[in-house]
Amino acid sequence: MALAFDEYGRPFIILREQEKKSRLQGLDAQKANIAAGKSVARILRTSLGPKGMDKMLQSPDGDVTITNDGATILELMDVDNQIAKLMVELSRSQDYDIGDGTTGVVVMAGSLLEQAEKLLERGIHPIRIAEGYEMASRIAVDHLESISTKYEFSATDIEPLVQTCMTTLSSKIVSRCKRALAEIAVKAVLAVADLERKDVNLDLIKVEGKVGGKLEDTELVQGIIVDKDMSHPQMPKRIEDAHIAILTCPFEPPKPKTKHKVDIDTVEKFQTLRGQEQKYFDDMVQKCKDVGATLVICQWGFDDEANHLLMQRELPAVRWVGGVELELIAIATGGRIVPRFQELTTEKLGKAGLVREKSFGTTKDRMLYIEKCANSKAVTIFIRGGNKMMIEETKRSIHDALCVARNLIINNSIVYGGGSAEISCSIAVDAAADRHPGVEQYAIRAFADALDAIPLALAENSGLAPIDTLTVVKSQHVKENNSRCGIDCNDVGTNDMKEQNVFETLIGKQQQILLATQVVKMILKIDDVITPSEY
Ligand code: ADP
């Protein structure tokens, strides 16, 4: 603001555009940002680990989600603060790249911020902290590499893969069925994996859910399941050796549009029109039969009359099938999607050994199973559960397990979980701090302390005394030179994570550390926050 005078000597105030904005500078800006980041991390902290709590989130339209998955919690939290949004992004990137470890990465970032705050208060410049963190993260990532082991498995010996997926699932709501779900996830991934090229296309795995039944009824179907039924109840419920026409064009006579003018003033004219429409459709059905189709799957709907005719002419059909599903059906059955009816030929038909309709319980719900497909690469995981929330959470957990299995196929290096990798890194980073003469050593040491946040949170969430437990485990690491000691969350009686079969992928853990460091560095480097203030 500035005070000025007009030509008559009357004072007035000049408000510059900038000053309408609120502004935080220097240390205040950093502290405010750190506080925002920490508050997000604090929310997720209690969800970490096998004994972590779940969160219930209600959307503005009343939908309720109960979940334990970090990325989903943050996604649904609808945060306003920009720094908090960065944390949401952080979890999303981990989810995008790795698929698992989304809670851990945010807890880690929160703890790095907490440590940075202490250093800032001691007068260390944020840039020095950022540099120190960068060095420390590189030391930690290298150390992870050195303590990692190769995990051997093959297409016939899938037990190791199953064990790793079980670790991921053990912290989820669905942990009751972790063995069965882990096996399903591994088999699904192996079905679509190219072990030679070390490539897995997760798009070929369809995850479908239906309310009803038990979680134990969840199954892996070697084919595609579509949440649709035959368009007419009297059509056959089971077609063997099906030749499928996959249509994205309307499967009915062309309808007159509003801009067309059709004058029908006599009964005969109406009947002629009707007859012609019927003939048109009849020709279409004939064409399908001529090329050898025994089933039509169509993206569009057809009216009751057409439906009836299809039933009479014994050509089973399924209508209103979504685009993504059509694509999967085409991949699985080796067929081609036909966008124009004229282009339908025998070569474009998909082939499946069995197409059947299955009904569930006492409901009218039916689903279509397309199995024994020409290309067995597409599979479906069909989830059952008591309610929609359970199914949705199972879908998210299965997604994590699928990602873990995929990551192992791409790179079969693992580190042990339960906080053991973090403790081991913490010791290594702490030792490295002594070798750095500059101010950065404070930041490096702080980084080592921040790594302890994961085992501390795991212990706290399991009802153990956090500091005491960590001290015991840490001394075990040093004394026994054993990097496999972690937090015995489930009270199994040993804290050797190898014996407990608690693994995580090396790339996942490395990514957690790298991503968390990156975001914290970014937050530390902000020294001016200018926001439009409401007035
Ligand atoms: P994220 O979303 O980060 O994967 P989780 O809630 O799945 O978070 O928790 C993962 C953490 O829990 C990892 O550090 C993992 O090592 C640890 N963990 C999982 N199962 C066990 C177990 N049985 N005992 C000890 N720690 C475990």
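Below are the figures for this structure:
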quantity	calculated
The range 392-442 - Rg over Rh from alpha carbon coordinates, Kirkwood radius	1.25
Cα-based radius of gyration of the range 187-242 once divided by 2.2 N^0.38 Å, which approximates compact folds	1.51
Computed magnitude of the charge dipole of the chain (debye, nearest 20; Cβ of K, R +1, Cβ of D, E -1)	680 debye
Pairs beyond 26 Å (Cα-Cα), from 210/377; 228/372; 150/395; 206/289	150/395; 206/289
Volume per residue that the Cα convex hull of the range 253-388 spans, once the total is divided by residue count, Å³	170 Å³
Alpha-carbon Rg/Rh ratio, for the range 451-529, with Rh computed the Kirkwood way	1.08
Calculated log₁₀ intensity ratio I(q)/I(0) where the Debye formula runs over C-alpha points of the range 279-356, q = 0.18 Å⁻¹	-0.75
About the Cα centre, charge dipole magnitude for the range 248-334 (Lys/Arg +1, Asp/Glu -1 at Cβ), debye	220 debye
Kirkwood Rh in Å, taken over all unlike Cα pairs in the range 78-121	11.2 Å
Pairwise Cα inverse-distance average, inverted: Kirkwood Rh of the range 199-282 (Å)	18.4 Å
Net lengthening on full extension, residue 303/residue 142 (0.36 nm per residue, minus Cα-Cα)	51.5 nm
Largest-first principal axis extents of the Cα set of the range 62-220 (Å)	58, 47, 26
The range 382-535 - Rg and Dmax from Cα coordinates, angstrom	19.3, 63
Rg over Rh, two decimals, the range 128-283 (C-alpha only, Kirkwood Rh)	1.26
Residue-by-residue Karplus 3J(HN,Hα) for the range 202-208, coefficients 6.51, -1.76, 1.60, Hz, glycine and proline x	5, 5, 7, 9, 9, 10, 10
Debye intensity ratio I(q)/I(0), log10, the range 242-281, q values 0.16, 0.22 Å⁻¹ (C-alpha model)	-0.56, -0.83
For the chain, the fraction of alpha-carbon pairs in successive 10 Å shells from zero, as %	4, 15, 21, 18, 14, 12, 9, 5, 2, 0, 0
Relative contact order %, the chain, counting alpha carbon pairs below 8 Å whose residues are six or more apart	26 percent
Reciprocal of mean inverse Cα separation for the range 255-323 (Kirkwood radius, Å)	13.7 Å
The range 170-205 versus the range 246-307: alpha-carbon centroid distance in Å	44 Å
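Read-outs throughout are calculated quantities, based only on the coordinates presented, and are distinct from any laboratory measurement. Just so you know, these numbers come straight off a predicted model, no measurement behind them. Cβ coordinates were reconstructed from backbone atoms using ideal geometry, including for glycine residues, and neighbour counts include every protein chain displayed.
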